[in-house]
Each structure stands twice: as structure tokens, then as C-alpha cells.
Amino acid sequence: MSDHLLTLEGVHTHIGAYHILHGVDLAVPRGQLTMLLGRNGAGKTTTLRTIMGLWRASAGRIVFDGQDITRLDTQRVARLGVAYVPENMGIFADLTVKENMLLAARQARTAAQMDSQRLQWIFRLFPAVEKFWLHPAGKLSGGQKQMLAVARAIVEPRQLLIVDEPSKGLAPAIINNMIDAFAQMKASGVTILLVEQNINFARRLGDTVAVMDNGIVIHAGTMQALAEDEALQRSLLGLAI
Amino acid sequence: MKDFDWKPLALVPLLALLVLPFIGSASTWVTLTVAGLAMGMIVFVIASGLTLVFGLMDILNFGHGVFIALGAFVATSVLGSMADYTASASLWTNLMAVFPAMLVAMLVAGAVGLAFERFIVRPVYGNHLKQILITMGGMIIGEELIKVIWGPLQIPLPLPEGMRGALLLGDAAVEKYRLLAVIIGLAVFGALLWVLTRTKIGLLIRAGVQDREMVEALGYRIRTLFVGVFVAGSALAGLGGVMWGLYQQNVVPQMGGQVNVLIFIVLIIGGLGSTSGALIGALLVGLMANYTGFLVPKAALFSNIALMMAVLLWRPQGIYGAGR
């Protein structure tokens, strides 16, 4: 079994006439939290959407747990054990929190069939999910919606959790809650790939890091090495963390 | 339910009460109101499938009318072959012919809907202009095929013996068939509501209406759901076609196109994609058509367009529009 749960080899993606990814190479180690960093427009979201099959790779190869998933439909990628939280959170605003969670629990037909132990664990991570269980998701605040989006992704055990900018637009106190929650998820053994602009968030959580620019990965290594090298931070990110 | 928007529900009794002084006679008002509700229920059965097809699939299916006509023509064949049952004065015996006719009409319309989705709709996903053109073309082809099978002329579809006549409520006469149409319409609404709110399939449909991509990302094959909803919508149109044919007591190959206008008014009033909106829109359209048909016959078609304009001035996305 490979040490890497997910690898991308020379992945190119076109969206219409635009060539967005120019040969992305990325390796996500098992059981670790990998941060994908880079400025706006570097290709981070496109990379995540290409992994999920929401946009098709025009060249290159994506391998998940030993299986080539480059040409798989989104729903088949998801069924292999990949959970995805998009940048816009993908909450179904007209459904209740319970219904959002039930949808993500593919094994359950009714709320009563959901894994109650796992649900209690999720309620401890994100108390707002339990508090607003029967409320329409559209009525939640931005932070509560983000918690629901992540909670929904982990309602059943998944091998890989992919999250696009979980701290975007959130108040500092909620970001701290979110960091704690991801730390607990990481401790439970799930592999996580996070796109993040919040450098503090990245530094506190990341085990490994990949930095993107202009549609390619320009640096890959450990978060600790990047955190300790101010010159490297400035050259890659334009600022020191 | 505390978040449910109850205001649009008041429109139906409000409209009925507003016209009462103009009609004058309470018995005539009752007769017209029941007739309007029955017509509204039939239009709802037809429109309910289309609103889901639009909401979930973002498909503008202007060919929906062909399933209505198909259902009605299938009913002429089935009921024609069960003359012993339809000639009986017993309502129960009549129902033993009408219900199988409805079932066969739904099966045939559903099967044709499956082919329609595969060969006509699927190649134009995501392009509204092409959808309008090709589905209208599909309806023309469907009408011509109906003429090939059943002939180009109007075919009578008389009400079974036991469904004819009216019940007297005081001085008001309420036609038996219209009561039956209301009951069937309510049953369809109840069944749809149950599926949409109490089952996982319904949950997926409601989620798919909001964000198809996310439903896929959760591991569900939205394409299968699309096809299922399209087939169910076609089958409901077939059922509505039987009800409409019996309501008119005759069928013509062009009937689908004629009813299409009413359906789209209903969907726009109700808000595209909303089942509850389609019910209220259909009831409003049915009542308005009957009231104006009695009070100002020449304004019958215009009245529903005026109603649609008034609703859109109040709520530009329709009464339960999703704000798309």
C-alpha cells in the first residue's frame, strides 16, 4: 500500500478556452493534513474540482488509493470515499440541517438509521449542528453553514476529506473552533486536503504543504520546514507566516 | 412548518370571495367554484410533473403537451374496449374501467417520456433555446404520430354512465365527475408531497432542484434521478390527459398544445420548480377561467394572463419561486 492516498501526476485542466492547470503534481500522504496554498487564481479550487471530476482533466493522471480516477464521474469518485466541501459550502438552503446530514449519509434512509455514535461525535465537534437540527439550513449564519458543510462531509467515514477555504469569511473565534475540529478529525485518522488562504490556519494544522502558482505546484514539503524558512515563505507566498 | 409561507394559500379563497358579489347567486357561485377547483386540479396533475422537470433538470419542455394528448387517446382505446363497464350506471363499475385506463395511459406516457428524454431532451441539456425548439418539434412529431394511430379527427370520450349528472347541494348543482377530479387531484398532490418530504428520493429531488453538482459530489447519480423525474412527469401528464379528455368529453391530437398555454401560466404563477406553487397556481387559473367564462366570456383567456401579470407584480419569481 502506497504512503500516499492521493497523487496527481502532470494534471492539466481546461475550462472552455482557458488552460487553468498546467501539469499539477501533488501527493497527499495517508492520515495527514495537506495544505494547498497559493494566491488567488493560482489554480487551487480548479485542482480540487478536477480531483472530484467536476471538471475533467485534459491530460495527466489522478490516482486515489491505487485506483486511477482521472476519468471517473463525480458520484463515483465520491463513492470511493472522497468527501468534498466546496468554497460556496454547497449547503441545501431549503432543506433542514437534519435533511442536509441525511442526504450525505448514503447508508441511511431515515435520520434514525444514521450512526448515532458518529452523530454524537459530530455534535461535540460542531454544537450548532445539533442546536439547529430542525432549522432550515439557509437560516444559519455563515460560520454555522460552514460547520454544517464540514459535518455533512464526515457524517459517514470517508478516506479523504477535501475542503476548499473553510475559514473564508469567518470570525476569528469561529476559525479557532474550526481549527480545533480539524485537529480532532486529523487525530481520528482521516486524510485531509485543505485549500486555505488563512496562513495562521494553515500553519497550525498542516503536516505537509503544497504551494501553487500559475496552475502548477511550485513547492511541496512539510509545513514545519516552510514555517521555519522565512525566505522561502517570502519567495513562495510574498509574505512571512 | 412555522417557516412555511402561508400568504399565497389565502389567494384561492380570496379570489373566490371577491367574485361572489359579482355573481350574485350563491348556488351559481358554488357550482362555478367547484367547477373551477376541478379544472384546477386537472391542470395541477398535468403541471406537477413539468414543474419538477424544470426545477430539477432546468429543462424547458415545451413538448409536455404530447404526453397529455397521448394519455387521452390511450384512454379512448381502453375505455372503448371496456364498454360494458362504462355503460353501467354503477359508479364502482365505471371506476373499474377508468382506473385501468388511467394506469395504461400513465404507463404509455411514461414509456414515451423515457424515449423523449433520451433522444430529444438529453442532447440539449444546458441550452434553453435549443430545448424550446427541439421539444416543440418533438411535440409536433408526437401529434403527427397520434394522427397516424388514431386518425386526425376529434374522438368522443364520453363520461361513463355513472359519472354523468350532478349532485344537488341546496340549489347548487355539482357535477359528479368534477368531484372525482378534485379527489384524484388531491390524492396526486398528497402522494407527491409525501414522496418529496418523507422519502430519501424526495429529499434528493429537492436537493437536486437547488444544487445538482453538490448532489453528485455526495455520491448520487443525478442523471438517474433526472430520468426518473422526467418519466414520472410524463406519466402524470398522461393521467392528466385522461382527466382532461373526460372533462372535455372529446379528444383531438392538438389538445396538448392547447393545454400547454394553461400549464405554463400555472408554472409561472406558482414559481418554476415548486409543487405547492403549481397547485395554488392551477387552482387560481381554474377558478379564474370559470368565473370569467360566466361573467365576461370574451375575456376568458386574457383573464388568466392578467392574473399571471398581477402575481408577478407581487412576486416576480412566482408565489413560491426559488429566486433563480
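Every read-out reported here was derived from the displayed coordinates using simple, explicitly stated rules and does not represent laboratory data. Predicted, not measured: the structure shown is a model, and the values here were computed from it. A quick note on method: Cβ atoms are made from the backbone with ideal geometry, for glycine too, and the neighbour counts reach across all protein chains shown.
In the list A:66, A:60, A:38, which residue meets the criterion of being in contact with a Lys or Arg (Cβ under 7 Å, 6 or more places away or on another chain) and closer than 22 Å to residue A:10 by Cβ?
On the way: A:66 fails: in contact with a Lys or Arg (Cβ under 7 Å, 6 or more places away or on another chain); A:60 fails: in contact with a Lys or Arg (Cβ under 7 Å, 6 or more places away or on another chain).
None of the other options fit; the residue is A:38.
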Requested in this report: Consider residue A:160 carefully, then state whether it is touching a strand residue (DSSP E or B) at 6+ places or on another chain (Cβ under 7 Å), in contact (Cβ under 8 Å) with a residue 40 or more places away in the chain and more than 27 Å from residue B:5 (Cβ to Cβ).
Outcome: yes
Query raised in the report: How about segment B:248-279: which of its residues are buried (at least 22 other Cβ atoms within 10 Å of the Cβ) and more than 12 Å from the chain's Cα centre (by Cα)?
Result: B:251, B:253, B:255, B:269, B:270, B:271, B:272, B:273, B:274, B:277
Requested in this report: Report whether or not residue A:194 is under 30 Å from residue A:58 (Cα atoms), in contact (Cβ under 8 Å) with a residue 40 or more places away in the chain and buried (at least 19 other Cβ atoms within 10 Å of the Cβ).
Outcome: yes
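Could you tell me which of the residues B:58, B:5 is of a type outside the set (A, V, I, L, M), within 14 Å of chain A (Cβ to nearest Cβ) and surrounded by fewer than 22 Cβ atoms within 10 Å (Cβ to Cβ)?
Numbers: B:58 fails: within 14 Å of chain A (Cβ to nearest Cβ).
After applying the criteria, what remains is B:5.
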Query raised in the report: Residues B:269, B:319: which one is of a type outside the set (Gly, Ala, Ser) and either over 26 Å from residue A:95 (Cα atoms) or without any contact (Cβ under 8 Å) to a residue 60 or more places away in the chain (or both)?
Result: B:269
Query raised in the report: Could you list, in sequence order, the residues of segment A:165-193 that are over 16 Å from residue A:209 (Cβ atoms) and acidic (Asp, Glu)?
Result: A:180
Requested in this report: Please go through segment A:76-96 and pick out each residue that is surrounded by 19 or more Cβ atoms within 10 Å (Cβ to Cβ), more than 19 Å from residue A:165 (Cβ to Cβ) and either among the charged types (D, E, K, R) or in contact with a Lys or Arg (Cβ under 9 Å, 6 or more places away or on another chain) (or both).
Outcome: A:78, A:92, A:95
Requested in this report: List the number of the failed condition for residue B:68; all other conditions in (1) over 16 Å from the mean Cα position of the chain (by Cα); (2) part of a helix (DSSP H, G or I) hold.
Outcome: (1)
Query raised in the report: Which residues, taken from segment A:206-225, are farther than 11 Å from residue A:237 by Cβ, out of contact with any Ser or Thr (no Cβ under 8 Å at 6 or more places or on another chain) and surrounded by fewer than 22 Cβ atoms within 10 Å (Cβ to Cβ)?
Result: A:214, A:216, A:224, A:225
Report task. Would you mind stating whether residue A:125 is away from chain B (no Cβ under 14 Å), over 18 Å from residue B:203 (Cβ atoms) and not polar (S, T, N, Q)? Result -> yes
Query raised in the report: Are there any pairs with C-beta distances below 7 angstrom linking a residue in segment B:103-122 that is crowded, with 21+ Cβ neighbours inside 10 Å to a residue that is of a type in the set (A, V, I, L, M) and outside any helix (DSSP H, G or I), with the two at least 6 apart or on different chains, and if so which?
Result: B:121/B:59
